[in-house]
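Novice: This structure is in structure tokens; I'll ask about it shortly.
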2 protein chains.
Amino acid sequence: MKLTTEDETQRESRNEHRADSPAPPFGKSMELFRRAAEVIPCGIYGHQSPAAALPGASPYYAERASGSRYWDVDGREYIDFMCGYGPIVLGYGHPEVEEAAARQRKDGDTMNHPSARMVELAERLVDMVDFSAWCVFGKNGGDMTSWAIRVAREQTRKKKILRVAGAYHGIDPWCSHTPGGLIEEDRSQIHTFKWNDLESFNQLIRRHVGKVAGVVVTPFHHPSFGDCEMPDNDFLQVIERTCHDEGIVLILDDIRAGFRLHLGGSHRVFGIKPDIICFSKALGNGYPISAALGSKELRVPASRVFLTGSFWNSAAPMAASLKTLEILERDDVPAKLNALGLRLKDGLVALGEKYGRPIVASGPPATPFYRFADETNFRDWQQFCAIAMEGRNGLAAFFHPHHNWFLSATHSEKDIDQALEIADQAFVTMNELPR
Amino acid sequence: MKLTTEDETQRESRNEHRADSPAPPFGKSMELFRRAAEVIPCGIYGHQSPAAALPGASPYYAERASGSRYWDVDGREYIDFMCGYGPIVLGYGHPEVEEAAARQRKDGDTMNHPSARMVELAERLVDMVDFSAWCVFGKNGGDMTSWAIRVAREQTRKKKILRVAGAYHGIDPWCSHTPGGLIEEDRSQIHTFKWNDLESFNQLIRRHVGKVAGVVVTPFHHPSFGDCEMPDNDFLQVIERTCHDEGIVLILDDIRAGFRLHLGGSHRVFGIKPDIICFSKALGNGYPISAALGSKELRVPASRVFLTGSFWNSAAPMAASLKTLEILERDDVPAKLNALGLRLKDGLVALGEKYGRPIVASGPPATPFYRFADETNFRDWQQFCAIAMEGRNGLAAFFHPHHNWFLSATHSEKDIDQALEIADQAFVTMNELPR
């Protein structure tokens, strides 16, 4: 579902009704943003753009972060539910990860060759991911998804790539969400089908029979500005079987959810085997790294599609990643995130019932998407999140109104309960406002 | 000039002649490589692939690096002349840069928003680069060159991009050096002209009149496996004038050379003004960061071409970059690199004369390319570099046979003189071998 957002005029108009409530004290954020607007297109662009969150009603700049807490440049403290938009799976500044990265950095990070960490990390990941025989590394999720479609084309000597409409796989022309700078050739061999709509998938397969190189899917659908959607019945299974039967390479983009649902790749939760899986975000607990793993049948084409970057073999993010994976396994983090996520979900849903504004929870509890059930334009949900971001007694909750949230292993039950208290108070505040 | 390399059989055959010389002790490198070959396509891929250097006669894996020195996993120490393929402009593990990055990391690195460092760094870069009005950031050079061609297309609403044959701008399909995984649509709007050949440029401009969005050039031509070529007479000037007259966006890829020749961008050395300049490598002294800066006319199209990545706003590499730029300016590093580079060049050229094997030096002294004058297949030059990598008395010089070298500000005159002693001895050793 694609939901719509209010425009700024609507929000300003609503804020005027709240003359009793002081303006959110984002003065330093605004001052930095004014400076940024002079020297950076849009001031802040991309996924952290204020336009994608709560313009004027949430911070724009980060000061510091630690564990499950985040502070903006105006000194406001938040119980965090974004984890840096996903990378922070163990908590900000996790001491063991920082220590492993620091030790490696003392030896060397970007050098003339890879370090042994690259081999160790590839070995560890190939061990963890059931179908995989090899691993390569990049710095960003999109580095891997874009490379993976080329591997599919190299393997099959076919051109077409099928993907799900509205799914995010990066900024490259084949998948970018906005048309700026694109030419028709960028997408003439890219075709989209609808999530959970096998008929739309089968139609593409029939229409382009013998021409499809690869199919790219996420393990569940996680659009911005819309509910997460888990795969129906045999949706992923039919795609998997079709790819197998037709010699099409199945690419799983597990960048958003990877290591939060299952340490062996999110396909394990849904009972399929892709041919390539792409990871990033949680892989290094905030250190920049991404990886693609593939089946042994794809080893030769993988070796024929050029892949490199100035910092892509750097050792410190790989050392951080090795330690992150060790802790994820040692502490069974996916189970912990699921339990914490259920506590948060149950609490929020109960609060929605209590105040007569039912909340829709979608997606896995560890990476949930929330909104009010009775609206699709996020108008009140934005207000609810903005009030939670104002918080009370100096403590606020970072509730993103349009993007799935993320939990980390350092979140405690107390963090969840405090956030629920903030949410409870937000309902009270919201109900006191003129409608 | 595109030069050719010997194959491994030839080198093995030559090594057999050197029974008096022990095999290079790269045992740990080879053991890691055997493990890597199991789980990584090609073992090591990309620019650090052994196949691109001296397979069997140089290290494959890094253990540590400090200042101007580099150690492989077998414990061999090298006076380094690659600087991590460019990023290390101040020396490995530069204490002030490391301290700045560590301080930022203690506060936070990857967070929910950019930090003030992003604004400060954009302000600083826009101040440094004469024609620029704005700045954006990525993690890798190719992130910026690929985004820049989309900005050119967005600005002009035209499709075609002209680039120099053999120039490296990244791994993306429009510019990748190898055909693996590419389809014809990837390059149907990309056309190449020859470096220093204005007629080939003008032909493209005439043939595609009214259809060209952008022209991408490096400040000087720096192919692998070939001499660097400085721009002739008015080569870049004519391109600049043509772009200006035809409304074409001129993109300078300064990723390789940036901040080593001129702190305001390498175009300052050559007397042109591009519309966009792309930096990476030296920008963060090893921390992963890249940047593109552009003219005020391109601010709106720049804001319309989507750009983001999970770690692209992370604060620590930006803090490292701010400190790197401060030191580059404070210590007038380009002048220092030029002086050191001239000392190295003069010494190597003199040794070539002394031993009757003249050496061709090409490119700026800070990023030089060397080979023997009397061969174009690198056969003897590979041997010379391999002997320098074996070194003597436990100290070797990291001489890359097929890629331009890089100097750093931490290199001392003594480092250069020691490397020249190693080179002198390499000539003696080489002359003792059967030809």
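The values are calculated or read from the model by the stated rules, or taken from the named source; none is laboratory data. Computed from a prediction, not measured in an experiment: that's the story for all the values here. Cβ sites come from the backbone with ideal geometry, for glycine too, and all protein chains shown count toward neighbours.
Novice: Restricted to segment A:103-121, and to residues that are in contact (Cβ under 8 Å) with a residue 60 or more places away in the chain and among the aliphatic types (A, V, I, L, M), which residue is nearest to A:LEU325 (Cα to Cα)?
Specialist: A:LEU121
Novice: Could you please find all residues in segment B:127-151 being acidic (Asp, Glu) and within 20 Å of the chain's Cα centre (by Cα)?
Specialist: B:ASP143
Novice: Out of segment B:239-255, which residues are part of a helix (DSSP H, G or I) and either charged (D, E, K, R) or on the phi > 0 side of the Ramachandran plot (or both)?
Specialist: Within segment B:239-255, B:GLU240, B:ARG241, B:ASP245, B:GLU246 meet the criteria.
Novice: Which one is farthest from the other protein chains (Cβ to nearest Cβ), of the residues in segment B:163-208 that are closer than 22 Å to B:GLU229 by Cα and in contact with an Asp or Glu (Cβ under 7 Å, 6 or more places away or on another chain)?
Specialist: So the residue we want is B:ASN196.
Novice: With the requirement that a residue be buried (at least 24 other Cβ atoms within 10 Å of the Cβ) and either more than 7 Å from chain B (Cβ to nearest Cβ) or over 16 Å from A:GLY309 (Cβ atoms) (or both), what does segment A:148-159 give you?
Specialist: If the condition is that a residue be buried (at least 24 other Cβ atoms within 10 Å of the Cβ) and either more than 7 Å from chain B (Cβ to nearest Cβ) or over 16 Å from A:GLY309 (Cβ atoms) (or both), then A:ALA148, A:ILE149, A:VAL151, A:ALA152, A:ARG153, A:GLN155 are the ones that fit.
Novice: Would you be able to tell me the number of residues in segment B:35-67 that are acidic (Asp, Glu) and within 20 Å of A:ASP127 (Cβ to Cβ)?
Specialist: Of the residues in that region, 1 qualify.
Novice: Can you confirm whether A:ASN377 is over 20 Å from the mean Cα position of the chain (by Cα) and within 14 Å of chain B (Cβ to nearest Cβ)?
Specialist: no
Novice: Out of all the residues in segment B:223-233, is one or more in the same structural domain as B:GLU154 (by TED's automatic domain parsing) and buried (at least 23 other Cβ atoms within 10 Å of the Cβ)?
Specialist: So the first thing to find is which residues in segment B:223-233 are in the same structural domain as B:GLU154 (by TED's automatic domain parsing), and the list is B:223-233.
Filter once more, keeping what is buried (at least 23 other Cβ atoms within 10 Å of the Cβ): B:223.
Yes, segment B:223-233 contains at least one residue that is in the same structural domain as B:GLU154 (by TED's automatic domain parsing) and buried (at least 23 other Cβ atoms within 10 Å of the Cβ).
Novice: If you scan segment B:130-141, which residues turn out to be more than 7 Å from chain A (Cβ to nearest Cβ) and either surrounded by fewer than 24 Cβ atoms within 10 Å (Cβ to Cβ) or within 20 Å of A:ILE171 (Cβ to Cβ) (or both)?
Specialist: Kept after step one, since they are more than 7 Å from chain A (Cβ to nearest Cβ), are these residues of segment B:130-141: B:130-133, B:137-138.
B:ASP130, B:PHE131, B:ALA133, B:PHE137, B:GLY138, listed by residue number.
Novice: Checking the condition buried (at least 24 other Cβ atoms within 10 Å of the Cβ), in a loop (DSSP other than H, G, I, E, B), away from chain A (no Cβ under 11 Å) and in contact with a helix residue (DSSP H, G or I) (Cβ under 9 Å, 6 or more places away or on another chain), which residue from B:GLY258, B:GLY286, B:GLY264 passes?
Specialist: The unique qualifying residue is B:GLY258.
Novice: Mind checking which residues of segment B:372-418 are farther than 15 Å from B:SER58 by Cα and either touching a Gly at 6+ places or on another chain (Cβ under 8 Å) or β-branched (Val, Ile, Thr) (or both)?
Specialist: The answer is B:PHE372, B:ALA373, B:THR376, B:ASN404, B:PHE406, B:LEU407, B:SER408, B:ALA409, B:THR410, B:HIS411, B:ILE416, B:ASP417.
Novice: In addition: Could you tell me how many of the residues in segment A:301-344 are free of Cβ contacts under 8 Å to residues at least 24 places away in the same chain and either facing chain B (nearest Cβ under 9 Å) or buried (at least 21 other Cβ atoms within 10 Å of the Cβ) (or both)?
Specialist: Of the residues in that region, 3 qualify.
Novice: Can I ask one more? Quick one: which of B:ILE205, B:ILE161, B:ILE190, B:ILE183 is free of Cβ contacts under 8 Å to residues at least 60 places away in the same chain and touching a Ser or Thr at 6+ places or on another chain (Cβ under 7 Å)?
Specialist: Step by step, each of B:ILE205, B:ILE161, B:ILE190, B:ILE183 is checked, and only B:ILE205 is free of Cβ contacts under 8 Å to residues at least 60 places away in the same chain and touching a Ser or Thr at 6+ places or on another chain (Cβ under 7 Å).
Quick grid of which residues meet (1) within 7 Å of chain A (Cβ to nearest Cβ); (2) part of a strand (DSSP E or B); (3) crowded, with 23+ Cβ neighbours inside 10 Å:
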site: B:ARG64; (1), (2), (3): yes, yes, no
site: B:ASP74; (1), (2), (3): no, no, no
site: B:GLY84; (1), (2), (3): yes, no, yes
site: B:VAL97; (1), (2), (3): no, no, yes
site: B:ARG103; (1), (2), (3): no, no, no
site: B:HIS113; (1), (2), (3): yes, no, yes
site: B:ARG117; (1), (2), (3): no, no, yes
site: B:LEU121; (1), (2), (3): no, no, yes
site: B:LEU125; (1), (2), (3): no, no, yes
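Novice: Right, something else. Within segment B:211-234, does at least one residue satisfy the condition of being farther than 30 Å from B:LEU328 by Cα and among the aliphatic types (A, V, I, L, M)?
Specialist: Yes, because at least one residue in segment B:211-234 is farther than 30 Å from B:LEU328 by Cα and among the aliphatic types (A, V, I, L, M).
Novice: While we're here: Residues to consider are A:SER66, A:SER58, A:SER49; find the one that is over 19 Å from A:GLN382 (Cα atoms) and not aliphatic (A, V, I, L, M).
Specialist: It is A:SER66.
Novice: Something else now. Does any residue of segment A:100-109 turn out to be in the same structural domain as A:GLY170 (by TED's automatic domain parsing) and closer than 21 Å to B:GLY138 by Cα?
Specialist: Yes.
Novice: Enumerate the pairs (first residue in segment A:31-57 and facing chain B (nearest Cβ under 9 Å); second residue anywhere and assigned to a loop (DSSP other than H, G, I, E, B) and small (Gly, Ala, Ser)) with beta-carbon separation below 7 Å, excluding pairs fewer than 6 apart on the same chain, so at least 6 apart or on different chains.
Specialist: A:PHE33/A:GLY43; A:ALA36/A:GLY43; A:CYS42/A:SER49
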